[in-house]
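Remarks on the structure that follows.
The values are calculated or read from the model by the stated rules, or taken from the named source; none is laboratory data. Every value quoted in this text rests on a predicted model; they were computed, and no experiment measured them. Counting neighbours? That spans all protein chains shown, and the Cβs are built from the backbone with ideal geometry, glycine included. Only protein heavy atoms, including side chains, enter the accessible area calculation; ligands, DNA and RNA are left aside. Shrake-Rupley method; radii C 1.70, N 1.55, O 1.52, S 1.80 Å.
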Amino acid sequence: METYKRHVEKLLKILTDKNLKAALVFNPANIFYFTGTDAPSATLIFEDSRVVSISSRLEYLRAVEEHLIGEVYAFSRATEVAEYEKIIQGDLYESIKKLLEGMTPERIGVVGGSADLRQKLTEKIGPGFQDLSREVSLLRRQKDLDELERIKSAIRIGEYAMSKALNALEKGVTEYEVVAEVLYAIHRNNATPSFDPIVAFGEHASHPHAKPSRRELQEGDVVKIDLGARVQGYCSDMTRTVIFGRVSTKQERIIRAVLRAQERAIEALRAGVKAREVHMEAYRILKEEGLHNYFNHGLGHGVGIEIHEEPYLNAETEAELLVGDIVTVEPGVYMAGYLGVRIEDMILVKEEGTELLTYFPKDYII
């Protein structure tokens with residue numbers, strides 16, 4: 001509970017600085033950040049520290065059982081409801097309007113929400129809401145010790161799942177079967193996958209986000225495995241690429257180049273550095289190797305409540321790395337019909353330097 005209180009206190013300071021009376025929070029990850037549950041449809045945080053979440057009746061019981069701060073109501077037009085339900089009559093927007101009664105939109109901040117949702121808010125309540133999405137994104141980037149411990153737990157479970165996946169590699173095994181080993185290992189440790197695991201053999205690994213198939217493992221195949229776990233709402237993400245059996249000179253050259261690109265990028269990762277520059281360090285190494293044309297995605301991304309969140313490390317971003325950021329560094333080379341190589345680790349940005357959070361070996365021959 002203390003974690004969520006601290007998050008609410010940080011938002012209250014933003015409200016005070018901007019002379020606002022309340023914040024209206026949308027999107028599951030943002031709602032979880034302040035309440036400990038992603039079940040509600042919206043959460044209202046008032047200047048007097050009150051926290052009120054509103055959910056559909058469908059998600060009401062889950063929201064009540066999971067929330068760690070504030071009150072929970074359900075919105076509904078129904079008049080006959082269960083005795084334990086606390087109902088606000090109306091749809092979501094009418095319920096929000098009732099809770100914000102007496103406040104003008106100019107004194108209310110909004111966090112997240114689609115363009116359509118915001119348009120409906122304007123139609124129901126009026127124009128003038130202040131957008132606080134950027135401010136909350138910056139809060140979420142700077143992980144505290146409790147968040148870091150959850151992420152480290154997710155990483156350890158992910159590493160265990162990776163070991164099980166690699167142990168399952170034998171001639172004739174299918175991608176589906178290895179994915180099953182990954183999922184079992186994660187669930188067996190009381191966690192959930194942070195995304196659908198990627199297991200891809202040979203030419204199939206050239207798809208950066210390959211979907212598992214009946215493809216059977218053969219001698220000399222490159223094997224790309226990308227997986228992550230979620231623990232108490234926080235994610236991990238890791239990729240390893242190995243070669244099963246015979247290794248060709250070309251395969252080894254590509255893997256060594258990707259490893260070198262990753263090492264150089266991690267060395268460049270520091271608080272205050274432009275995220276774009278870290279991406280470009282990896283790109284320059286791959287260019288030296290003549291492989292840059294096969295590097296078709298950004299170098300990495302933030303990880304926290306969501307598997308992909310700010311900051312993003314790519315060629316277009318203007319973001320600057322901050323203390324408390326946890327990011328992936330994952331250069332890749334993908335050659336259609338031949339192979340795909342990606343090596344991914346998670347890094348914490350600290351006051352002085354960085355901390356490598358993933359310890360799993362990078363041996364590439366099985």
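Based on the Stokes-Einstein relation at 37 °C and a viscosity of 0.692 mPa s, and on the Kirkwood radius from alpha carbon pairs, the range 9-112 is assigned a translational diffusion coefficient of 238 µm²/s. Using a probe of 1.4 Å on the protein chains alone, the accessible area found for residue 125 is around 40 Å².
Positive end of the dipole of the range 108-265 (Cβ unit charges, origin at the Cα centre): among 245, 259, 190, the Cα lying farthest that way belongs to 259.
Two decimals, Cα atoms only, Kirkwood Rh: what is Rg/Rh over the chain?
Working: Rg = 23.1 Å, Rh = 22.2 Å.
With Rh from the inverse mean 1/r over Cα pairs, Rg/Rh is 1.04.
What are the trypsin sites (Lys or Arg not before Pro) within the range 10-81 that DSSP puts in a loop, where the Cβ has at most 10 other Cβ atoms within 10 Å? Working shown, then result.
Numbers: sites: 10, 13, 18, 21, 50, 57, 62, 77; in loops: 18, 21, 50, 77.
Hits after loop and neighbour filter: 77.
Between the C-alpha center of the range 1-28 and that of the range 74-128 there is a gap of 18 Å.
Where in the range 1-98 are there GluC sites (Glu not before Pro) that are in a DSSP coil and have at most 16 other Cβ atoms within 10 angstrom of their Cβ? Write out the running numbers ahead of the final one.
On the way: sites: 2, 9, 47, 59, 65, 66, 71, 80, 83, 85, 94; in loops: 47, 80, 83, 85.
Taking the range 1-98 and a limit of 16 other Cβ atoms within 10 Å, the loop GluC sites (Glu not before Pro) found are 47, 80, 83, 85.
How high is the relative contact order of the range 148-299? Use alpha-carbon pairs under 8 Å, at least six apart in sequence, and give a whole percent. Write out the running numbers ahead of the final one.
Numbers: 240 pairs, mean separation 30.9, N = 152.
Computed over the range 148-299, the figure is 20 percent.
Using a 1.4 angstrom probe on heavy atoms only, work out the carbon and sulfur share of the accessible area of the range 1-74 in %. Let's see the in-between values first.
Numbers: 1540 of 3080 Å².
Answer for the range 1-74: carbon and sulfur cover 50 percent of the accessible area.
Step through the table entries 21/97; 5/124; 224/274, compare each Cα-Cα distance with 24 Å, and write down the pairs that go over it.
Values: 21/97 14 Å; 5/124 30 Å; 224/274 29 Å.
The answer is 5/124; 224/274.
Let me make sure I get this right: for the range 249-363, a, b and c are the square roots of the gyration tensor eigenvalues over alpha carbons, sorted descending. Under 1.5 in a/c it's rounded, otherwise prolate if a/b > b/c, else oblate. Which is it? Taking the square roots of the gyration eigenvalues as a ≥ b ≥ c, the range 249-363 is prolate.
Keeping all protein chains in place, calculate the accessible area per residue for the chain (probe 1.4 angstrom), answer in Å².
On the way: 16310 Å² over 366 residues.
Computed with neighbouring chains in place, this is 45 Å² per residue.
In this structure, residue 250 and residue 322 have a Cβ-Cβ separation that, at R0 = 25 Å, corresponds to a calculated FRET efficiency of about 0.05.
Counting DSSP beta bridges in the chain, what percent are antiparallel, to the nearest 5?
Values: 40 of 54 bridges.
Around 75 percent of the beta bridges assigned by DSSP in the chain are antiparallel ones.
Measuring only protein heavy atoms, the 1.4 Å probe finds residue 356 accessible over about 80 Å². Using a Förster distance of 35 Å, how high is the FRET efficiency between residue 260 and residue 146, based on the Cβ-Cβ distance and rounded to 0.05? It comes out at approximately 0.50.
What's the FRET efficiency of residue 47 with residue 273 using the Cβ-Cβ distance as r and R₀ = 41 Å, to the nearest 0.05? Before the final figure, lay out the partial values.
Numbers: r = 36 Å, r/R0 = 0.89.
E(calc), rounded to 0.05, equals 0.65.
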